[in-house]
Each structure stands twice: as structure tokens, then as C-alpha cells.
């Protein structure tokens, strides 16, 4: 009898507490750039935008507004650097991974491309999201450069020449979207569900009692 009641209680507690559900929230959104033409990215170059997080976030997805020149899919690297003021801190690489940009059948194929399912924890502060053409990457295309709100700055770097250029906030041009995982908290059952569950578990315990006196 006691064992049955214990199991019933645990089942009821699990029902009431439920599970926490998570969903992606758009926390940085420049929207589609109004200026499509921009900086062509070739090997050893990157284009980065500065973002600021007011509190800790678990980053799930990052996308850039990217144009593709090739007819076949090409690879591009997304990196996250620490902040060194007006430029990324090249000595503080926080994250790096490669993704594919689908091939273009002709004309302009600009769209949102990037990494998904990242689950990257970042604390409050400023970071630089960079789209890089590293050794082994095959990307051949372009991204717009003028950073719109909510980005503060954008930077272009050419490792081949060691040159750096940066832009302050201006007309919409650099396209960036950053998503974070947010939790809705435990799912709470409807009152009617709770009542029916209590009656069902009570009936189970009552039946068990008279079956095994």
C-alpha cells in the first residue's frame, strides 16, 4: 500500500512540475540590408560586426546576409572574438566553426546563411561576430559593410596585408541575426487535468487497498 502511494505521489509530482521548454529568440536583428553591394571576401579576409549582450545568453543560431557567386556550395567560417575597442581582439578567439553557403544558379543569391544549433554560452559584454575565409574555405562572394543599429561597429581585416578597416554605425548595410535559447519554465497542467489525475491516482490507491487487505 505504502509503495503504491509513493509511486502515485511521484507520478503526480512529475505531472504538476512538467518539463521546461526552450525556444529560439531573436536578440540581434539588423534586418535585410538596404545596401546589397559591399565587400568581396577572399582567402585570409574577414568581415565582423560588434554586438553587445546586456546579460548572459546561450547562443543557438547566427546568420549573416551573404551573397554567393559560385554555382556550387562553398564553405565559410563563423568566428566570435572578444572586444578590443573598435576592433575584434585577435588574441581572444571564443568560438569558431565552418558552415556551407548554398550554390547560386545565377544572378544575386543573397540570403541568410550561418550556423545553427550552436548552444554557446556567452556572458554579458561586447563581442565580434566574424565571417571569415580561412585556409581550406572555398567561399567566393560578398557582404555589405556599413553596420546598422543595433551593431556599433563593423571591421574588415586582410591577414595577407595586415590591413584593418572599420566603420561606425550608419545606413543599413551589414546583415546579422543572432538567436538565443530561452526557457519558458515548467509546463503547468490545466486545473481540470490536475483534478482528473488526483481522482485517478486516488482510485488506484483505493483499489489496491481492498485488493490486498
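Taking the listed residues 180, 126, the one that is crowded, with 20+ Cβ neighbours inside 10 Å, touching a strand residue (DSSP E or B) at 6+ places or on another chain (Cβ under 7 Å), at pLDDT 65 or above and not in a helix (DSSP H, G or I) is 180, with no other qualifying.
Which of the residues spanning the stretch 69-81 are over 17 Å from the mean Cα position of the chain (by Cα) and under 21 Å from residue 159 (Cα atoms)? Quick ask: steps written out before the conclusion?
Residues of the stretch 69-81 that are over 17 Å from the mean Cα position of the chain (by Cα), as a first pass: 69-75.
Listed by number, the residues that qualify are 74, 75.
Looking only at residues in the stretch 137-152 that are surrounded by 21 or more Cβ atoms within 10 Å (Cβ to Cβ) and in contact with a strand residue (DSSP E or B) (Cβ under 8 Å, 6 or more places away or on another chain), the one that is modelled with the highest pLDDT is 139. Say whether the condition of being assigned to a strand (DSSP E or B), free of Cβ contacts under 8 Å to residues at least 24 places away in the same chain and either at positive phi or assigned by TED's automatic domain parsing to the domain that holds residue 180 (or both) is met by at least one residue in the stretch 133-150. No, the stretch 133-150 has no match at all. Of all the criteria given as (1) surrounded by fewer than 15 Cβ atoms within 10 Å (Cβ to Cβ); (2) farther than 14 Å from residue 139 by Cα, the one not satisfied by residue 62 is (1).
Going by the conditions given, is residue 66 at pLDDT below 90 and under 17 Å from the mean Cα position of the chain (by Cα)? Criteria met by residue 66. Among the residues that make up the stretch 84-91, is at least one of them touching a residue at least 12 places away in the same chain (Cβ under 8 Å) and within 18 Å of the chain's Cα centre (by Cα)? The answer is no; no qualifying residue exists.
The values are calculated or read from the model by the stated rules, or taken from the named source; none is laboratory data. Just so it is clear, the structure is predicted and the values come from calculations on it, not from any experiment. Every residue, glycine as well, gets a Cβ built from its backbone with ideal geometry; the counts of neighbours run over all protein chains shown.
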